[in-house]
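Structure, as structure tokens:
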Amino acid sequence: MGILPVSEQNVFFEGPLSGPWYSKHKTQLLGVLLAAASNFLISVSLSIQKCAHLRLACQTEPKPYYTSKLWWCGIILLVLGEVGNFTAYGFAPIALVAPLGCVSVIGTAFISVLFLKQTMRAADILGGTLAVAGTYLLVTFAPNVPQELTARRVQNNLVSWPFLVYVILEIITFCILLYFYKRKAVKHIMILLMMVALLASLTVIAVKAVASMITLSVKGKMQLTYPVFYIMLILMATSCVFQVKFLNQAMHLYEATAVVPINFVFFTTSAIVSGVIFYQEFQSAALLNVFMFLFGCLLSFLGVFVIARNKKEEHLQVPYIDCGHIPGQKLTGKIQPDSYSSRYGTLNNEDDSVKTQS
């Protein structure tokens, strides 16, 4: 048997680490690395902000959080991470960038153990393993779509009948949820986060369009003169503002351990669906690739839920007042505050004190 030519040998050994695979997915791989690094940077920024809040809470005279240099350092890293995520949409498909948000959840869990001295749980290790395995499948079986997203293509996609049907159904669903939220005062976590997800689907469509047109303009193919660029820019800003509003409402009413995993699943699902409908990202994908990609998403979802499950919230405020210097009180004595009045102690009524003295 003779030795096969080099060109024929490469056909048999083409894989995730081969030269042909790299040259074919080079731009997409750049978006993946940028999204992963940005989400890890976001997890670092959140941990830094939490550390700043813990330090301020331990001071004898707590100052506002915005006076802390450490807190501002976390905010700067958060902004850099979000800018990196925004840029990643210009190089990789929505279906690939959106699920990589699990990197932020994994990073936050392990950074909390290393630097905030929290206890490492078996659930953190299991959830991190599931999420890493899911991320590997996402990167390997992600759809390979052309990245030349011009303004004319965005215009054509805006008036395509699949997207118009999708937008009409989304508007109807959002109006129904908003009716229950406003008129019926139903503020269930599912209703709030479903509204966030519906808005997020429009946000990621606009973000990818804006990021791609800016990327092409930087390369020399000017796209910023088209009106559709400014339409998508306004859509991105508007949907993002209302998305943050409802997400903050959910964070105010419910614990972060419940909001974070549910929001991640809803956001990722809506982003993938919007990418499929608006950008036809799975149009030429093989059935096996679609199945393995969805299986990777499922593993990432499970990983995030396992990490967030039964994770206790830390309370920064001390729920008692030290009265060691009050006459008649021991140094270890504490007076519990009465949550129903402005007084402290056990005498809630002046009449009761009068009766006791008499």
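The values are calculated or read from the model by the stated rules, or taken from the named source; none is laboratory data. Please read these numbers as outputs of a predicted model, since none were measured by experiment. Don't worry about glycine lacking a Cβ; one is built from the backbone with ideal geometry, like all the others, and counts go over all protein chains shown. In case anyone asks, the SASA skips ligands and DNA or RNA and just uses the protein heavy atoms, side chains included. Shrake-Rupley method; radii C 1.70, N 1.55, O 1.52, S 1.80 Å.
I want to confirm something. Restricting to segment 238-256 and keeping residues that are of a type in the set (S, T, Y) and assigned to a helix (DSSP H, G or I), which single residue is farthest from the chain's Cα centre (by Cα)? Please lay out each step first, then the result.
Start the filter on segment 238-256 by keeping residues that are of a type in the set (S, T, Y), which leaves 238-239, 254.
Checking which are assigned to a helix (DSSP H, G or I) leaves us with 238-239.
Values: T238: 18, S239: 15 Å.
Of everything passing the filter in segment 238-256, T238 is farthest from the chain's Cα centre (by Cα).
In this structure, does I94 turn out to be more than 23 Å from L294 (Cα to Cα) and not small (G, A, S)? First the steps, then the outcome.
Numbers: more than 23 Å from L294 (Cα to Cα): no; not small (G, A, S): yes.
Spelling it out, it is not the case that I94 is more than 23 Å from L294 (Cα to Cα) and not small (G, A, S).
Test of understanding: among T87, T108, which residue is under 14 Å from the mean Cα position of the chain (by Cα) and part of a helix (DSSP H, G or I)? Spell out how you get there, then give the answer.
Details: T87 fails: under 14 Å from the mean Cα position of the chain (by Cα).
Result of the check over T87, T108: T108.
Among the candidates P62, P16, single out the residue that is modelled with pLDDT under 75, in a loop (DSSP other than H, G, I, E, B) and over 26 Å from C102 (Cβ atoms).
Working: P16 fails: over 26 Å from C102 (Cβ atoms).
Checking each option against the conditions leaves just P62.
Between residues in segment 219-235 that are more than 23 Å from T27 (Cα to Cα) and residues that are loosely packed, with under 12 Cβ neighbours inside 10 Å and not polar (S, T, N, Q), which pairs lie under 8 Å by C-beta distance while being six or more apart or on different chains?
Listed by first residue and then by second, the contacts come to Y226/R152.
Would you please list the contacts, defined by Cβ atoms under 9 Å and residues six or more apart or on different chains, that run from a residue in segment 175-195 that is free of Cβ contacts under 8 Å to residues at least 40 places away in the same chain and within 18 Å of M251 (Cβ to Cβ) to a residue that is open to solvent by 80 Å² or more (accessible area, probe 1.4 Å) and aromatic (F, W, Y)?
Listed pairs, sorted by first residue: V186/F180; H188/F180; I191/F180.
Out of I42, I48, which single residue is modelled with pLDDT of 80 or more, in a helix (DSSP H, G or I) and out of contact with any Cys (no Cβ under 8 Å at 6 or more places or on another chain)?
Working: I48 fails: out of contact with any Cys (no Cβ under 8 Å at 6 or more places or on another chain).
Answer to the check: I42.
Exactly one condition in (1) within 30 Å of Q249 (Cα to Cα); (2) in a helix (DSSP H, G or I); (3) open to solvent by 20 Å² or more (accessible area, probe 1.4 Å) is false for L126; which is it?
Every listed condition holds for L126 apart from (1).
Out of the residues in segment 193-214 meeting the condition of being among the β-branched types (V, I, T) and surrounded by 20 or more Cβ atoms within 10 Å (Cβ to Cβ), tell me which one is farthest from the chain's Cα centre (by Cα). Step through it out loud before you land on a result.
Step one: of segment 193-214, the residues among the β-branched types (V, I, T) are 196, 203-205, 207, 210, 214.
Remaining after also requiring surrounded by 20 or more Cβ atoms within 10 Å (Cβ to Cβ): 196, 203-205, 207, 210.
On the way: V196: 11, T203: 13, V204: 12, I205: 16, V207: 15, V210: 20 Å.
In this case the residue turns out to be V210.
Pick from S217, S160, S239: which is crowded, with 17+ Cβ neighbours inside 10 Å and not aliphatic (A, V, I, L, M)? Step through it out loud before you land on a result.
Working: S217 fails: crowded, with 17+ Cβ neighbours inside 10 Å; S160 fails: crowded, with 17+ Cβ neighbours inside 10 Å.
Result: S239 is the single residue among S217, S160, S239 that is crowded, with 17+ Cβ neighbours inside 10 Å and not aliphatic (A, V, I, L, M).
Given the conditions (1) crowded, with 19+ Cβ neighbours inside 10 Å; (2) free of Cβ contacts under 8 Å to residues at least 40 places away in the same chain; (3) within 30 Å of L149 (Cα to Cα), report the number of the one that N85 does not fulfil.
With (1) crowded, with 19+ Cβ neighbours inside 10 Å; (2) free of Cβ contacts under 8 Å to residues at least 40 places away in the same chain; (3) within 30 Å of L149 (Cα to Cα) applied to N85, the lone miss is (2).
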